[in-house]
Each structure stands twice: as structure tokens, then as C-alpha cells.
Amino acid sequence: MDDTQIFLGIESSCDDTAAALVTGDRRILSSVVSSQTALHADFGGVVPEIAARAHAERLDLVVEQALAQAGVALSDVTAVAVTAGPGLIGGVMAGVMCAKGIAAGAGLPLVGVNHLAGHALTPRLTDGIGFPYLMLLVSGGHCQFLRVDGPQDFTRLGGTIDDAPGEAFDKLAKLLALPQPGGPSVEAEAANGDPDRFALPRPLLDRPGCDMSFSGLKTAALRLRDQLIADQGGLRQQDRADLCAAFQQAVAEVLAEKSRRALAAHPVPVLAVAGGVAANRTIRAALQQVARDAGARFMAPPLALCTDNGAMIAWAGAERFALGQRDGMDLAARPRWPLDRDAAPMLGGGKKGAKA
């Protein structure tokens with residue numbers, strides 16, 4: 001890849017509007033993310049219509065900020081990369097149309113990027129690792145194991161058949177009247193809890209393979225909460241902390257065991273993880289131990305590059321560009337776009353599962 005090339009990356013698949021400039025030699029010149037958390041706070045989750053409108057209002061601003069921070073003019077940019085799916089279709093469409101306008105106006109090549117490929121290729125941006133490696137994508141919208149053998153060569157080893165872990169954390173937080181997003185709230189509450197007080201299920205551990213399920217775990221937590229309220233006339237602070245700790249431990253053990261199976265079936269030098277849930281310290285520690293036991297290196301990008309961002313899209317676009325691939329003005333936004341086209345569709349995807 002040419003070290004002098006500069007790629008503009010645009011991301012708008014969910015509730016973060018992002019843009020970044022990345023070079024062919026893996027330098028991140030700028031990365032701007034405009035969060036919509038405050039816009040959706042009163043609704044207990046992302047509202048697609050609100051998200052799409054916010055993206056349309058902010059995309060040109062974040063691109064302008066990214067160019068300014070990098071000290072780069074559009075005339076210096078090699079190509080425009082944009083998330084073309086999967087994701088909430090309104091936001092994806094807004095990003096694609098913005099990228100088309102920039103590409104057409106500046107006479108730049110356009111490269112459509114699979115959002116999941118952006119996450120899956122991030123370890124190559126941050127650490128320059130080679131192929132193959134095992135990637136666990138784990139967030140509010142997706143959860144799957146991928147063997148990565150090339151910029152466009154992904155084999156799905158397993159995934160969630162219902163809720164993604166981040167979605168399950170959000171739902172638990174809502175059940176316990178904790179702030180959204182749920183992941184950080186549950187982790188903070190769990191720090192003061194006893195993970196062994198309540199017995200929660202570890203779904204699908206009794207079945208072979210790497211598929212996962214988190215919906216039943218969420219339902220079990222709901223029943224425990226209701227039983228505590230019925231028995232005590234309310235939910236005590238320690239009850240909430242213990243329930244969060246037990247839930248977090250259950251998710252960590254499921255992800256760890258499934259990672260162990262994936263590494264056993266596909267021994268590769270690196271176990272990488274990306275997605276917002278990768279920031280959870282309990283989960284990260286469990287995955288690190290799995291990697292050590294398997295003799296593999298554990299790799300997690302910095303938190304800012306685990307969650308949705310424009311830098312990962314710029315880099316994934318750079319990888320496609322290096323292969324000689326370009327897209328025309330007929331590039332379409334796609335709500336669903338599996339990385340492994342040969343794998344059978346997952347049984348479910350949860351309310352946020354369009355990304356999966």
C-alpha cells in the first residue's frame with residue numbers, strides 16, 4: 001500500500017456520526033465522532049428515525065472537522081470510503097449519499113465498506129498484524145466469531161442466534177433502572193456485587209460449536225428481579241449490584257468458552273476482539289486468559305477504535321482500494337450485509353441485529 005495515500009472514512013451505521021483521515025502506512029491523522037447518546041436517552045435505545053435525521057445534519061460537519069484536524073484538503077485525499085451497510089438503513093443512506101457528493105464534487109474514487117469488515121480489520125490498522133487471525137466482534141448490534149484470512153476473506157465460525165451481548169446489557173440496565181448505554185452502567189454496578197449469589201444460565205454451553213444466545217439470560221435476570229421484588233416488596237441496592245455481577249460473569253463465561261472452542265478448531269496466532277463490549281474489564285480478562293491458555297496473542301484496539309468510528313472505515317476502504325476495487329455512483333445502502341456469504345443466515349438478530 002502506498003504510504004503517501006490518504007483515505008477519508010465516513011461512518012453512520014447506528015448512532016455515531018464519524019469521519020477520519022488515515023494514511024496508507026496506518027497513521028490516523030484525525031478521527032471525529034459525534035455521539036447521539038443524549039438524543040436517544042429518553043427512549044431506552046436508539047430510535048432509527050432520530051438517528052437518521054441527526055446523521056443527515058452532522059455528516060458534513062464531522063467531515064469538515066476531520067479534514068481541519070488532519071490539516072488536509074480534499075485535493076490531498078486519495079479516495080472516499082464509506083459504510084454502505086449493514087446497519088440502520090436511514091443512517092447508512094445518509095452516509096452513502098454524503099460520500100457520493102464528496103466523491104463526485106472532488107473527483108475522487110468511492111469505496112463502499114462493510115461496517116463489520118471495518119471492525120474486523122481494525123487490528124491491522126492498530127498493530128499491523130498479518131493473516132490469519134481470529135476476530136470476536138462483540139457489541140450492541142452484533143456478536144460473531146470470524147476467521148480473517150484476507151481483507152475480504154472472512155469465515156464465520158459462530159454468532160448469536162438472538163440478542164447481541166451489548167443489547168442484553170442495555171436491556172438489563174433498563175430492567176434495573178440504570179442509565180443507558182447499559183454496558184458501562186452494569187459494569188459499574190457489578191463492581192460492588194457478588195457474582196456467585198444468583199445462579200444464571202450459560203446458554204448453549206451444552207451444545208457443540210460457537211453459536212451463542214443471550215435472550216434467555218436476559219429473561220432469567222428479569223424473573224430474578226421480579227421474584228426479589230415480590231419477596232421483599234422492592235429491589236435493594238445490593239440486589240441490583242449482585243444481579244449485575246452475576247449477569248456480567250455469565251456473559252464473560254459464555255464468550256470465553258466459545259472463544260476457547262473457536263481457537264481449538266482454528267489455531268491461529270492472534271485472538272482479536274472489537275466492539276463496545278470489549279471494553280468490559282471482566283470480559284476482557286476472561287478472553288485474555290483464553291488466549292494465554294491457547295498460546296495465542298490477545299489483541300484489543302484502543303477503546304476509541306473498538307466502538308464505531310471513521311478510522312476503521314477509512315482503513316477497510318484502503319485495503320479494498322489496494323486490491324484495485326472501486327464503487328460507482330450506483331453504490332447502494334444495505335441494511336444487511338453478511339461478511340461470510342457462504343454461511344447460513346443466523347436464526348435471529350435481536351432488535352439491533354441488523355448489523356449481524
Q. Within the range 293-309, is even one residue of a type in the set (A, V, I, L, M) and buried (at least 24 other Cβ atoms within 10 Å of the Cβ)?
A. no
Q. What is the number of the single condition among (1) touching a residue at least 24 places away in the same chain (Cβ under 8 Å); (2) more than 22 Å from PHE298 (Cβ to Cβ); (3) polar (S, T, N, Q) that SER259 does not meet?
A. (2)
Q: Go over the candidates GLN288, GLN238 one by one and state the one that is surrounded by fewer than 19 Cβ atoms within 10 Å (Cβ to Cβ), under 19 Å from the mean Cα position of the chain (by Cα) and either more than 19 Å from ALA168 (Cα to Cα) or free of Cβ contacts under 8 Å to residues at least 24 places away in the same chain (or both).
A: GLN288
(Q) Exactly one condition in (1) in contact with a strand residue (DSSP E or B) (Cβ under 9 Å, 6 or more places away or on another chain); (2) modelled with pLDDT of 95 or more; (3) open to solvent by less than 30 Å² (accessible area, probe 1.4 Å); (4) not aromatic (Phe, Trp, Tyr) is false for PRO165; which is it? (A) (2)
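Looking only at the range 71-84, which residues are surrounded by fewer than 24 Cβ atoms within 10 Å (Cβ to Cβ) and in contact (Cβ under 8 Å) with a residue 24 or more places away in the chain?
Quick first cut of the range 71-84, residues surrounded by fewer than 24 Cβ atoms within 10 Å (Cβ to Cβ) only: 71-79.
Those that are surrounded by fewer than 24 Cβ atoms within 10 Å (Cβ to Cβ) and in contact (Cβ under 8 Å) with a residue 24 or more places away in the chain: GLY71, VAL72, LEU74, SER75, ASP76, VAL77, THR78, ALA79.
Could you say whether any residue in the range 324-332 is in contact with an Asp or Glu (Cβ under 6 Å, 6 or more places away or on another chain) and surrounded by fewer than 18 Cβ atoms within 10 Å (Cβ to Cβ)? So that I can check it myself, show each step before the final result.
Of the residues in the range 324-332, the ones in contact with an Asp or Glu (Cβ under 6 Å, 6 or more places away or on another chain) are none.
Looking through the range 324-332, none of the residues is in contact with an Asp or Glu (Cβ under 6 Å, 6 or more places away or on another chain) and surrounded by fewer than 18 Cβ atoms within 10 Å (Cβ to Cβ).
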Q. What helices (runs of 4 or more DSSP H) lie completely within the range 178-295 and have 1 or more residues being aromatic (Phe, Trp, Tyr) and in contact with a helix residue (DSSP H, G or I) (Cβ under 8 Å, 6 or more places away or on another chain)?
A. 237-265
Q: Return yes when ALA230 is of a type in the set (A, V, I, L, M) and either touching an Asp or Glu at 6+ places or on another chain (Cβ under 7 Å) or crowded, with 17+ Cβ neighbours inside 10 Å (or both) and no when it is not.
A: no
Q. Restricted to the range 87-107, and to residues that are touching a residue at least 60 places away in the same chain (Cβ under 8 Å) and not in a helix (DSSP H, G or I), which residue is nearest to ALA314 (Cα to Cα)?
A. GLY87
Q: Report, by residue number, each residue of the range 253-271 that is under 20 Å from GLY183 (Cα atoms) and surrounded by 22 or more Cβ atoms within 10 Å (Cβ to Cβ).
A: VAL254, LEU255
Q: Check the range 34-56 and report whether any residue there is of a type outside the set (D, E, K, R), open to solvent by 10 Å² or more (accessible area, probe 1.4 Å), touching a residue at least 60 places away in the same chain (Cβ under 8 Å) and assigned to a strand (DSSP E or B).
A: no
Q | The lone exception for THR17 - which of (1) open to solvent by 10 Å² or more (accessible area, probe 1.4 Å); (2) modelled with pLDDT of 95 or more it fails | A | (1)
Q) List, please: which pairs have Cβ atoms under 6 Å, are six or more places apart or on different chains, and start with a residue in the range 182-209 that is free of Cβ contacts under 8 Å to residues at least 40 places away in the same chain and end with one that is open to solvent by less than 30 Å² (accessible area, probe 1.4 Å) and among the aromatic types (Phe, Trp, Tyr)? A) GLY182/PHE169
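The values are calculated or read from the model by the stated rules, or taken from the named source; none is laboratory data. Note that the coordinates shown come from a computational prediction; the quantities given were computed from them, not determined experimentally. Positions of Cβ are backbone-derived with ideal geometry, glycine not excepted, and every protein chain shown enters the neighbour counts. With ligands, DNA and RNA removed, areas are computed over all heavy atoms of the protein, side chains included. Shrake-Rupley method; radii C 1.70, N 1.55, O 1.52, S 1.80 Å.
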